[in-house]
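Peer 1: Take a look at this one; I'll ask things after.
Here, each number is a calculation from the coordinates, and none is a lab measurement. From a predicted model like this one, the values you see are computed outputs, not experimental measurements. Positions of Cβ are generated from backbone atoms using ideal geometry, with glycine treated the same way; all protein chains shown enter the neighbour counts.
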Amino acid sequence: MLVVAGVYSVIAQVVVERQRDLATRSALDAGPRQVVITALQSPLRPAAIGIGFRGLGALGTTRVLTSLLSEVSALDIVTWTETLRPAQKPVTRMTPRVLQNMRVPSLA
């Protein structure tokens, strides 16, 4: 929701700054579609570039974190559901994967 508000405010600011330019284009027989495209091009281009770079960064981070996981896949649904559970609810059962990976120390 915060991202939507941020994008809206940036687009609104750009439209206010370019109001004269948009009015001139409209007066010179530019259609409504062309005026909207002109208004949205400048704020959405950096947003698209930022989304692309952040996507690449997320992909790289995922690969690094996957290499740090031991015996658990990054897409393991059981692990995700256990980590997304609210903190107030105690975990009442151990998953088979967790039980497999448990090492019981010897008393010797």
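Peer 1: If you stretched the chain out fully between Ala47 and Leu2, how much longer would it get, using 0.36 nm times the residue separation minus the C-alpha to C-alpha distance? Please list the in-between numbers first.
Peer 2: Numbers: separation 45, 0.36 × 45 = 16.20 nm, distance 1.46 nm.
Stretched fully, the Ala47-Leu2 segment lengthens by 14.7 nm.
Peer 1: Taking R0 as 35 Å, what FRET efficiency do you get between Thr24 and Thr62 from their Cβ-Cβ distance, rounded to the nearest 0.05?
Peer 2: It comes out at approximately 0.15.
Peer 1: 7 Å from Cα along Cα→Cβ at both Glu17 and Ile77: what's the point-to-point distance in nm?
Peer 2: 4.7 nm
Peer 1: Looking at the P(r) of the range 2-92, how many percent of alpha-carbon pairs lie beyond 21 Å?
Peer 2: Summing the P(r) of the range 2-92 above 21 Å gives 60 percent of all pairs.
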